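Following: one structure in structure tokens, then a few remarks.
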Amino acid sequence: MTFEHHQFGFLEFTAEHVIRFPEGLIGFPGHQEYLVVNEEETEPFRWLVSITDADVALPVLDPLMLLPRYPIDMNEETTVFLVAVIHDDPSRSRANARSPIVIDNRKREGKQVILDDESYPLSMPLLVGAEGGA
């Protein structure tokens, strides 16, 4: 299958590449099928790209890059991402540490969960020393 995305061009994929979110994601309840796209120019970010709407592409990153003791078990069967907001001014870039995306790699199914622990911020600076940063 092929999907054209304005940021990434033509993306070729098979059904095995699609990750289903039966409940959608926060803010995107009607978007249930995504691809994880790796773009060398934007590493360490990866992208969750909706295959039904070329306007929906969420930058995500591994929570362990920011929080070495993240409370969700990550292993070969589970991938966890934090949704990020990337700004031209890197000191304003943020990640949502309280609502991670959890993907079951075997089922190719994911969901966004909300952690009860308020010590994980909704808007965590990505750079050490940025306002409110680590």
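Please grab the % of Cα pairs in the chain that end up more than 27 Å from each other.
18 percent
Run the numbers on the chain and let me know its relative contact order in percent, using alpha-carbon pairs under 8 Å that are six or more apart.
RCO, the chain: 18 percent.
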Check your understanding: If you count, for each residue, the other Cβ atoms within 10 Å and average over each peptide, how do 60-66, 25-31 line up from highest to lowest?
Key -> 60-66, 25-31
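Compute the longest continuous run of the chain that contains no exposed GluC sites (Glu not before Pro); treat a site as exposed when its DSSP state is not H, G, I, E or B and it has at most 16 other Cβ atoms within 10 Å. Let's see the in-between values first.
Details: sites that count: Glu23, Glu39, Glu76, Glu77, Glu118, Glu131.
Here the longest segment lacking exposed loop sites spans 78-117.
If you restrict to DSSP beta bridges whose two residues both lie in the chain, what percentage is antiparallel, to the nearest 5? If you can, show how the numbers build up before the last one.
On the way: 32 of 33 bridges.
Once the DSSP bridges in the chain are tallied, antiparallel ones form about 95 percent.
Treating the beta-carbon of each Lys and Arg as +1 and of each Asp and Glu as -1, no other charges, what is the dipole magnitude of the range 2-125 about its Cα centre, to the nearest 20 debye?
Numbers: 10 positive and 22 negative charges, 68 e Å.
The calculation lands at about 320 debye.
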Check your understanding: So how far, in whole Å, is the C-alpha centre of the range 2-16 from the one of the range 25-45?
Key -> 12 Å
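Bear in mind that the values in this text are calculations on the coordinates, not laboratory data. Just so it is clear, the structure is predicted and the values come from calculations on it, not from any experiment. FYI the Cβ positions are ideal-geometry reconstructions off the backbone, even for glycines, and counts take in every protein chain you see.
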